[in-house]
1. Just to be sure before I move on: is Arg82 charged (D, E, K, R), without any contact (Cβ under 8 Å) to a residue 40 or more places away in the chain and farther than 21 Å from Ile205 by Cβ in the structure I sent?
2. If you check Val28 against the conditions, is it of a type outside the set (Lys, Arg), outside any loop (DSSP other than H, G, I, E, B) and either under 19 Å from the mean Cα position of the chain (by Cα) or more than 13 Å from Tyr4 (Cβ to Cβ) (or both)?
3. Do the conditions hold for Leu56, that is, is it touching a Leu at 6+ places or on another chain (Cβ under 7 Å), closer than 24 Å to Val18 by Cβ and modelled with pLDDT of 95 or more?
4. Only residues in the stretch 12-30 that are surrounded by 20 or more Cβ atoms within 10 Å (Cβ to Cβ) count as the first member; pair them with residues that are among the acidic types (Asp, Glu) and modelled with pLDDT of 95 or more, Cβ under 7 angstrom, at least 6 apart or cross-chain, and list the lot.
5. Kindly indicate whether Thr34 is part of a loop (DSSP other than H, G, I, E, B), modelled with pLDDT of 95 or more and among the hydroxyl-bearing types (Ser, Thr, Tyr).
6. For the stretch 139-159, which residues satisfy the criterion of being surrounded by 21 or more Cβ atoms within 10 Å (Cβ to Cβ) and touching a Lys or Arg at 6+ places or on another chain (Cβ under 8 Å)?
Amino acid sequence: MSNYIIIGGSSGMGLEAVNHLAQLGNRVYATYHTHPTVSDNNLISYHPLNVLEESLDFSFLPETIDGIVYCPGAIQLRPFGRISPSDFSADFNLQVLGAIKCIQSILVQLKKGTNPAIVLFSTVAVQTGLNFHTQVAVSKGAIEGLTKSLAAEFAPTIRVNCIAPGLTNTPLAASLLNTDQKMEANALRHPLKRVGTVQDIASMIEFLLSAKSSWMTGQILHLDGGMSTIKTS
């Protein structure tokens, strides 16, 4: 049994990852912020955490952690001229500094883990320029740099990899997929002709945390239906 912590495990990709990893027999510690969450699975425990706070309390964790997944994120799609510097700062604080603080806070426990791993999240918009994505692309571009830098620094003890999804059907993307017409139009933008699912993401998280990926670190995995690499028309 491995011990994993999922930051932002109360909805969307994080929630699916929590349940998926626990179903495989792992002990999962998950955090929530605005949505108090409980589970009837005795392998899952939920704990409140606000990653924007200066000091983070991880006293609920055991002495050994085998992996951390950082899921908090935001999608604010607006023209560049309508995004204030403070908007960029707020996004960076949530998506980048939050991840940094969480990793630093549990680094001692991670180093004690078995084949320990860190999984971070980017977006297809970093490698593929998309209209109105500057706010999220700036933060996630930093995450990709963080991934590679930490992978170099933590090798060979801790592996660090990053998932860069395309549009995925989660509550975060609800406004983009809330009608059949929007769902179909967005599906057709991807070479594989569908948007991503939380199950797609959870399966990749499982792989990156497990020994199946034990010779992989510093990688950005483009889980995006082919959008970032191929064109079919």
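1. Answer is yes for this residue.
2. yes
3. Yes, satisfied.
4. Sorted first by the residue in the stretch 12-30, then by its partner, the pairs are Leu21/Glu206.
5. no
6. Scanning the stretch 139-159 gives a single hit, Ile158.
The values are calculated or read from the model by the stated rules, or taken from the named source; none is laboratory data. Predicted, not measured: the structure shown is a model, and the values here were computed from it. Because the Cβ atoms are built from the backbone with ideal geometry, glycine has one as well, and the counts that use them run over all protein chains shown.
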